[in-house]
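K.L.:
Just dropping this structure here.
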Amino acid sequence: MLPDRGLPAAWRALARRAISHRIPPDRIDWQGGGNLFADSPLPTETGPHEVRVGRAFLELAGSVLWHSAPERFDLLYQALWRVDRGEGAPLSAADPLGQRLGLMAKAVGRDIHKMHAFVRFRELPTDGRRRSFGAWFEPAHNTLEPGSTFFVKRFADMDWLIATPGLTARYAAGRLSFEPGGQRPDLPDDASAALWATYFASIFNPARIKLGAMRAEMPKKYWKNLPETRHIPAMLADAEARVERMREAGATPPRPGAGAVSTRYRATMPAPADLPATLCEAREAAMQCRRCGLCEAATQTVWGEGDSSARLMIVGEQPGDREDLAGRPFVGPAGRLLREAMRGVELDPDAVWLTNAVKHFKFSSRGKRRIHQKPDRREIEHCRWWLGLELALVRPRLALALGATAALALTGDSRPLASRRGTIETGLHGGPVLLTWHPSHILRMPDRAGQTRLRHELEADLAAGRRHVAAAARQSTALLTAD
Ligand code: URA
């Protein structure tokens, strides 16, 4: 009688009917689906007694009903019965029943939170129209249904499924549906798995291992489905030797001011479970960034913008003077050249994700003028954390590096661009990176012939990027087939 889905409404209807006939808790067999014990079924009509409950009860029931304990229906009905008769305070933590229900509601809330933090989507082959992702998750409670609305909001423009042992949520062409769960599907590894692993390895400090805290944030039962945790046993096994190697290497004398910077850096380093889950959250977090000294002089963080599920991500160096004031990337002369070049090869500027390797403007002051300064390796490395998040959240099929700073940030390789431009390398995130000129470099060319040549090369690379992402989409086959 109680369905797998739409449970709260179904339970409420049954409970309302039962209480309207003043049927006491010990006569209802909730585990048998809400029938009366032994004698008769629950009356089909509502009885004469009308019961009113407050918001607190409805909210509590709205959580507890997703708990996996079979006795949850009975406990809630006991609470309803007592509320109706004015017997004590069955929702209060001071009452054993209220305390039990409160703990169950908390467990459900925690389970939903863990789902939002630990679901790791893998990209699935598609027919090219909408991108498609699949994930396997093992919640402790029946939380996929209430937890899915978060993913609908976050991935509204993609198709996805989340499979769990009890239920599968499928979001296709803007419609969410549920079907029975089952076995873990065969999900391909994709570039984002490598990115999570790289991110995790990069924040793992062998000298500061706190296993207790790590397990509290990321309980071990979730490890097997998280790409980044595959490396934990090996990293732990190597930790002692790494600390020894660090000790042998000796301390590097700190630069002046490094203490303040690294204090800020540590203070803003989130634990893995606190990673921003959406581009909006990431942008908000980046606005507070104090990882390096560039935030001191710059007006604001300049976050990326564009299509949040773009197949192509274009990465520049850092915001310039105009971008720093406007808070948006590529709004000055370099941006104008870039957009013209994109339109010239039929690449829609609104269909890409446009961002920078470094999110703050670095400059030196000369009178009233602010003169652009190249970010150094350390600043690029601090900011790579944000770029990595953008890559993980947008999941482009190709990243296009404009200039040497973006190339270094994306590939970790600082060889000169002249010999690499026009080629595709593998980025630190595991995905392809196409290297090309920065539009500002073209604008700075002293002679017109040089400018024209470089501009043609930029256009050729943009066109190659467009073809690359289109071919990647075509190669893919059938997407999430609804059986
Ligand atoms: N140059 C860049 O690299 N990025 C901008 O946003 C503007 C100019």
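The values are calculated or read from the model by the stated rules, or taken from the named source; none is laboratory data. From a predicted model like this one, the values you see are computed outputs, not experimental measurements. Cβ atoms come from the backbone with ideal geometry, glycine included; neighbour counts cover every protein chain shown. The area values use the complete protein model at the heavy-atom level, side chains included, leaving out ligands, DNA and RNA. Shrake-Rupley method; radii C 1.70, N 1.55, O 1.52, S 1.80 Å.
K.L.:
With the structure loaded, tell me whether Ser414 is of a type in the set (Ser, Thr, Tyr), touching a helix residue (DSSP H, G or I) at 6+ places or on another chain (Cβ under 9 Å) and open to solvent by less than 40 Å² (accessible area, probe 1.4 Å) or whether it fails that test.
P.N.:
On the way: of a type in the set (Ser, Thr, Tyr): yes; touching a helix residue (DSSP H, G or I) at 6+ places or on another chain (Cβ under 9 Å): yes; open to solvent by less than 40 Å² (accessible area, probe 1.4 Å): no.
No; evaluated as a whole, the condition is false for this residue.
K.L.:
Hey, another quick one. Restricting to strands (runs of 3 or more DSSP E) lying wholly in segment 373-483: which have 2 or more residues that are under 22 Å from Pro349 (Cα atoms) and within 16 Å of the ligand (Cβ to nearest atom)?
P.N.:
398-402, 432-436
K.L.:
For Asp350, work out the one condition from (1) in a helix (DSSP H, G or I); (2) more than 28 Å from the chain's Cα centre (by Cα); (3) surrounded by fewer than 19 Cβ atoms within 10 Å (Cβ to Cβ) it doesn't fulfil.
P.N.:
All conditions are met except number (2).
K.L.:
Given the conditions (1) in a helix (DSSP H, G or I); (2) surrounded by fewer than 17 Cβ atoms within 10 Å (Cβ to Cβ), report the number of the one that Glu179 does not fulfil.
P.N.:
Condition (1) is where Glu179 drops out.
K.L.:
Residues of segment 311-327 being within 8 Å of the ligand (Cβ to nearest atom) and either farther than 19 Å from Gln373 by Cβ or charged (D, E, K, R) (or both), which ones? Spell out the reasoning first.
P.N.:
Taking segment 311-327 as the starting set, the residues that turn out to be within 8 Å of the ligand (Cβ to nearest atom) are 316-320, 322-323.
Result: Glu317, Arg322, Glu323.
K.L.:
Report, by residue number, each residue of segment 1-26 that is open to solvent by 60 Å² or more (accessible area, probe 1.4 Å), over 18 Å from Val83 (Cβ atoms) and not in a loop (DSSP other than H, G, I, E, B).
P.N.:
Narrowing segment 1-26 to residues open to solvent by 60 Å² or more (accessible area, probe 1.4 Å): 1, 4-5, 9, 12, 16, 21-22, 26.
Next, from what is left, pick out any that are over 18 Å from Val83 (Cβ atoms): 1, 4-5, 9.
Matches in segment 1-26: Ala9 only.
K.L.:
For segment 307-330, enumerate the residues that are within 20 Å of Leu294 (Cα to Cα) and crowded, with 19+ Cβ neighbours inside 10 Å. Let's see the steps before the verdict.
P.N.:
Of the residues in segment 307-330, the ones within 20 Å of Leu294 (Cα to Cα) are 315-330.
Those that are within 20 Å of Leu294 (Cα to Cα) and crowded, with 19+ Cβ neighbours inside 10 Å: Val315, Gly316, Glu317, Gln318, Pro319, Gly320, Glu323, Asp324, Pro329, Phe330.
K.L.:
Check off (1) within 11 Å of the ligand (Cβ to nearest atom); (2) out of contact with any Asp or Glu (no Cβ under 9 Å at 6 or more places or on another chain); (3) in a helix (DSSP H, G or I) for Gly335 and give me the number that stays unchecked.
P.N.:
(2)
K.L.:
So, of the residues in segment 417-433 that are without any contact (Cβ under 8 Å) to a residue 40 or more places away in the chain and surrounded by fewer than 22 Cβ atoms within 10 Å (Cβ to Cβ), which turns out to be nearest to the chain's Cα centre (by Cα)?
P.N.:
Top of the filtered list is Pro432.
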